[in-house]
Every structure is written in C-alpha cells, then in structure tokens.
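Trainee: Attaching a single structure in structure tokens format; questions to follow.
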Amino acid sequence: MHGPPELKREEKALFLGEFRERVIRSLTKDQVKDPGIYPEIVEALKDSRTVGMLISGDIDWHFSGKYQKLASEMGKKSSIMHDPELKGDIGLVVVSGVAEDVEDVMVENREARLKRLGLPLKLINSAGKKVCDRCYDKITGADPGEIINYGKLTLSDRFWGEKCNSCQI
C-alpha cells in the first residue's frame, strides 16, 4: 500500500468518487436513461450550495448529454467519471463543495412518482414529445416541474396531422 489510507473509500466508490455527505441529489443509472429530465435535479442544480455534477462513465452520452447540457446552462460544471473502482447503481450525483449531509439524496423513480400523482402511464411515457392542452394541464396540475419534459401541440402541428402522444387527440 502506498501513501496514506483513503477515508471512506467504499462510500466514495458508491457515490462516483464523492463523500456521501457532499451529495445533494442522486439518480440511478436507469433514471439517467429515462427520456425525461428529473425536476429534482434541476432544483438541485439551482441550489446555491451546488458546485457541480458527476455522471457515471458507464452511461452512454445519448442519455447523459441532457444533464450535461442542463448543468452547463445553469453555470455548473459536470464531469464524467470513468473509474473501475466505482461500484453500485448510482448514475448521477449533484454535489456540494462542503458537507451538507442531506438526509435522502436518492430521487424517487419518475414513473412511480407520477403514477402516485394520478397521471396515466401513456402520458408519463410521452416525455420528450408534444401533448394536447388537456394532457399538458394534467401534467402541470400534478407536478409543474415536469413540464420541462413535454411540448405543447400547436395549431400548426395539428394542421400537419400531429396528434397528442398520450391521448391521440
């Protein structure tokens, strides 16, 4: 063994190289692959304590790029972590510069949360697509933060034959 022993090595391996007490919010690898952006991550990036975001190198850029772009737009740095020592299912962490010790850093699964709020699965799965006014209102009524994941059908969209991805109206 060379050098001083590393503190909380196992813990850091679970949280993409960060101490657990510096993590404000985290997503699993599957959550990062979800077509929608988690509003909890948007809020965490807005937090003044946030210094950056780390993303697992195991996740394809096709999925992680939306979060890298979001961090950049909010003036926060993001890094991709490629380290064979990392383990577990954590795919993204939003970190603070100091120990914050947030009690529950794991974000609830988006689909489960929206189902609990009464949204139908077909509407939940329409993330990244355009929906009609009625479906758009359902989303804003259930969770206004989710609106970043949906577009609103316009009159010209309807003229060209586009329909709501949720209710097909």
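Every read-out reported here was derived from the displayed coordinates using simple, explicitly stated rules and does not represent laboratory data. What you are looking at is a predicted structure, and each value in this text was computed from that prediction instead of being measured. Here the Cβ positions follow ideal geometry from the backbone for every residue, glycine too, while neighbour counts run over all protein chains shown.
Trainee: Spelling out what I want: for every residue of the stretch 51-63, take phi, set θ = phi - 60°, compute 6.51 cos²θ - 1.76 cosθ + 1.60 (Karplus), and round to whole Hz; glycine and proline get x.
Mentor: 10, x, 9, 10, 10, 5, x, 6, 9, 4, 4, 3, 8
Trainee: Calculate the dipole size of the stretch 19-65 relative to its Cα centre from +1 charges on Lys and Arg beta carbons and -1 charges on Asp and Glu beta carbons; express the result in debye to the nearest 20. Working shown, then result.
Mentor: Details: 7 positive and 8 negative charges, 39 e Å.
Charge dipole of the stretch 19-65: 180 debye, to the nearest 20.
Trainee: What is the Cα convex hull volume of the stretch 110-159 when expressed per residue in Å³?
Mentor: That works out to 68 Å³ per residue.
Trainee: Given H placed 1.01 Å from N in the peptide plane, which residues other than close sequence neighbours of K76 have an amide H under 5 Å from its amide H?
Mentor: none
Trainee: Here's something else I'd like to know. Mind checking the stretch 1-85 for GluC sites (Glu not before Pro) that DSSP puts in a loop (not H, G, I, E or B) and that have at most 15 other Cβ atoms within 10 Å? Intermediate results must be reported in sequence, preceding the final value.
Mentor: Values: sites: E6, E10, E11, E18, E21, E40, E43, E73, E85; in loops: E6, E18, E85.
Taking the stretch 1-85 and a limit of 15 other Cβ atoms within 10 Å, the loop GluC sites (Glu not before Pro) found are E6, E85.
Trainee: When K46, K138, K8 are ordered from fewest to most other Cβ atoms inside 10 Å of their Cβ, what list results?
Mentor: So the ranking, lowest neighbour count to highest, is K46, K8, K138.
Trainee: Would you work out the relative contact order for the stretch 9-96, in percent, from Cα pairs under 8 angstrom that are 6 or more residues apart?
Mentor: The value is 49 percent.
Trainee: Using a Förster distance of 25 angstrom, determine the FRET efficiency expected from the C-beta separation of R20 and S72, and round it to 0.05.
Mentor: Rounded to the nearest 0.05, the efficiency is 0.45.
Trainee: If you don't mind, another one. What is the dipole size for the chain, taken about its Cα centre, with +1 at each Lys and Arg Cβ and -1 at each Asp and Glu Cβ, in debye to the nearest 20?
Mentor: Numbers: 27 positive and 28 negative charges, 146 e Å.
With Lys and Arg at +1 and Asp and Glu at -1, about 700 debye.
Trainee: Sticking with this one: Given [x] 87; [y] 137; [z] 127, which label gives volume of the Cα convex hull per residue in Å³ as computed from the coordinates?
Mentor: [z]
Trainee: If each residue of separation counts as 0.36 nm, what is the full-extension length gain between R116 and K46 once their alpha-carbon separation is subtracted?
Mentor: 22.6 nm
Trainee: Return the long-range amide H neighbours of F19 (sequence gap of 5 or more, or a different chain), with a cut-off of under 5 Å between placed amide H atoms.
Mentor: none
Trainee: Suppose every K and R has +1 on its Cβ and every D and E has -1 on its Cβ; what is the size of the dipole of the stretch 110-159 about the Cα centre, in Debye to the nearest 20? Numbers along the way, then the final one.
Mentor: Numbers: 11 positive and 6 negative charges, 33 e Å.
Magnitude of the dipole: close to 160 debye.
Trainee: Residues with amide H under 5 Å of V51's amide H, sequence separation 5 or more or different chain, H placed in the peptide plane at 1.01 Å from N; which?
Mentor: Here V95, S96, G97 satisfy the definition.
Trainee: Starting with the fewest neighbours, write out V23, V98 ranked by other beta-carbon atoms found within 10 Å of each beta-carbon.
Mentor: Exposure proxy ranking, most exposed first: V98, V23.
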